[in-house]
1. If I ask for residues that are at negative phi, touching a helix residue (DSSP H, G or I) at 6+ places or on another chain (Cβ under 7 Å) and part of a loop (DSSP other than H, G, I, E, B), which ones from region 621-647 would you list?
2. On the given criteria, is LEU661 modelled with pLDDT of 95 or more and farther than 24 Å from HIS499 by Cβ?
3. Looking only at strands (runs of 3 or more DSSP E) that lie completely in region 112-170, which have at least 2 residues being β-branched (Val, Ile, Thr), more than 30 Å from GLU485 (Cβ to Cβ) and more than 16 Å from the ligand (Cβ to nearest atom)?
4. Any idea which of LEU53, LEU84 is aliphatic (A, V, I, L, M) and within 16 Å of the ligand (Cβ to nearest atom)?
5. When you scan region 424-542 for helices (runs of 4 or more DSSP H) that lie fully inside it, which ones turn up with 2 or more residues that are under 14 Å from the mean Cα position of the chain (by Cα) and touching a residue at least 12 places away in the same chain (Cβ under 8 Å)?
6. Within 21 Å of GLN541 (Cβ to Cβ) and at pLDDT 95 or above: which single residue out of TYR133, TYR85, TYR105, TYR115 fits that description?
7. Go over the candidates ILE194, ILE229 one by one and state the one that is within 16 Å of the ligand (Cβ to nearest atom) and under 28 Å from the mean Cα position of the chain (by Cα).
8. Got a sec? Which of SER513, SER479, SER521 is of a type in the set (Ser, Thr, Tyr), within 16 Å of the ligand (Cβ to nearest atom) and at negative phi?
Amino acid sequence: MIWKYRYGRPFETDAVVEHVKAAEGSPPFGTVSLEDGFRYRYELPKDAVVYGLGEAVRGINKRGHCYVSHASDDPHHLEGTRSLYGAHNFIVVAGETPFGLFVDYPAKVVFDIGYTAADVLEIACQEADLYLYVIEGDTPYDIVRQFRRIIGRSYIPPKFAFGFGQSRWGYKTKEDFRQVADGYQNNHIPIDMIYMDIDYMQDFKDFTWNKENFPDFPAFVREMKARNIRLIPIIDAGVEVEKGYPVYEEGVENGYFCKRADGSDFVAAVWPGDTHFPDVLNPEARRWFGGCYRALTDQGIEGFWNDMNEPAIFYTPEGVREAAALLREYVTDQAGTVSIFQVREALAGLQNDQRYYESFYHRVDGRMVRHDKVHNLFGYNMTRAAAEGFEQIDPDKRFLLFSRSSYIGMHRYGGIWTGDNKSWWSHILLNLQMMPSLNMCGFLYAGADLGGFGDNVTRDLLLRWLVLGVFTPLMRNHSAIDTREQECYRFERVEDFRHVIGVRYRLLPYLYSEYMKAALSGDLYFKPLAFEYPEDSFTPQVEDQLMLGGEVMIAPVYTQNAKGRYVYLPEEMLFVKFMPDGSIHEEKLPPGHHYVEIALNEVPLFIRAGKCIPLAEAAESVAELRTDSLVLLGYSGAAYLLYDDDGVHKDYKDPANRKLLKKTS
Ligand code: GLC
């Protein structure tokens, strides 16, 4: 049962695509006050778990802190960080009578989940112009599935996107990329994608490439593709202000950029210096920006990552003028009224100053909408622009596409990566905990920068993190410029990396099949244990294990120097370890708590009682993967429904895509 309440004059975000009848009166759970903006209040039952919020810090259970939905370019993902890059306003309160809430409001939303008062949930928005969806269901899992139904089918990437990808900020020339390809392929470590960060561009200009470093770009794209490697370029939100640059000229000429109040084009500095933001909330500008991707697809490019689309702003000319004036005053100020701390703050505050977001406008249905009122929709609509562009370029073909910033609704157009994390052990756990929450909000194709983006990686951290990455749909190693080099072949005993990533490819038929089934039926790929075992009173406490698809449970190691970990089994399971010598360790474990040993170079998983999963032979790329010689791993007598397709086109409904496999021995 779903109720849809309308307050004031909501902005149409297109997050929900299925018709939901409008409800009258007050919501069946909690109370709403419209006296000071919008305030929702609900007394949380003592042991109620609160799920959801997609991309956010802390645990699977969100209870006990305050979170703010406000797309933010913040690379410090600390316990106290309230806003990350995405804004995913869906939660499930799992008390005696479970219910879900979706606050469809594109500006800042505060979720105080037992922070101010331990047993009170309070949701606040500055303005009472929104839709509130209240979902009742038998279980939290059922509520999530109802929600997923109304927000529409999740994005489906091409199959190659389930391979392993290497990225690093700093790859510049053809030689840099060839070195990465060689580093992997000469060491027989599987790889399918190499990501191109901003340095492939001509002076950081979107939809260009550096002609000196890539004199024949399409030939280079072909060269890599012949090695089964796709190049995946980045696209940033800001378009450089530069006379003669066609994207800039077209945007200005047609009024496709965001405007200041006086009608001039808003200027924000990002990587290239001064840029304009494409007004992706305006359908016409969106169509134009989406069409720009053709400049690269025409060269053979089949995937992109959209970045800096909160949108991030390093500074604006106005901001710099103001800070400079303060600095001048400090230098000449005899009376000492301006302190050095004020100056320091003004300079630090230049980046992503809230006032910038209050000083530019979008054109929507002929009216000007101030950006901060719709802030959380920018990354969503940039990615929608790209996806709609691909529909024009080749409607039958799947493109790889994921974004840094997002709002619910964007899950139909692309995936996400979780932004600039760090090479910290705690971020492995954070990665794990975010995955089911993201899935609840529709984001199935998701992953973190494996090994960590900022800070310096260590070999053991990377290996342990890759073991989690084996299971995340997006499996990408990415790191920041000036950090320790993080490509797998840079470390001692490269065979361990070959083995761990190799297991991803052996499992790929299963992972792809479960992904496709989840996407096609509005289900979860990753679930908290309590969703699968609602009767088990311990499962709501399990914060470091996940159910994957219908057959598997994962429990990776995420602490340094550990030789294994404790794991909780709600039922009997088959404990499987992919051993570095290629053998598979199988051991039935009874329900309960266990300590299991897991070495750095072993990949563990658990198969649920009575189930089995398909396993392919080792391959070094998705293209080389053989699906005609699958074996089944797990309980004998079990059956598995395999979904498979060509991984390129969109004929998902073809009955030939589904095959029942039986494990006879
Ligand atoms: C942003 C992105 C990061 C990228 C960098 C340079 O920080 O989040 O992934 O490497 O910009 O483009």
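1. Correct list: LEU625, THR627, LEU630, ASP644, ASP645.
2. Details: modelled with pLDDT of 95 or more: yes; farther than 24 Å from HIS499 by Cβ: yes.
Yes.
3. Working: elements: 120-125, 130-136, 164-166.
Answer list for region 112-170: 120-125, 130-136.
4. Just a single option satisfies the conditions, and that option is LEU84.
5. Numbers: elements: 426-440, 459-469, 494-521, 529-532.
Hits in region 424-542: 426-440.
6. On the way: TYR133 fails: within 21 Å of GLN541 (Cβ to Cβ); TYR85 fails: within 21 Å of GLN541 (Cβ to Cβ); TYR105 fails: within 21 Å of GLN541 (Cβ to Cβ).
The match here is TYR115.
7. Working: ILE229 fails: within 16 Å of the ligand (Cβ to nearest atom).
Criteria check complete, one pass: ILE194.
8. Working: SER513 fails: within 16 Å of the ligand (Cβ to nearest atom); SER521 fails: within 16 Å of the ligand (Cβ to nearest atom).
After applying the criteria, what remains is SER479.
The values are calculated or read from the model by the stated rules, or taken from the named source; none is laboratory data. None of these values were measured; they are calculated from a predicted model. Here the Cβ is made from the backbone with ideal geometry for all residues, glycine too, and neighbour counts use every protein chain on show. Ligands, DNA and RNA are stripped out before the accessible areas are found, and what is left, the full protein with its side chains, is counted by its heavy atoms. Shrake-Rupley method; radii C 1.70, N 1.55, O 1.52, S 1.80 Å.
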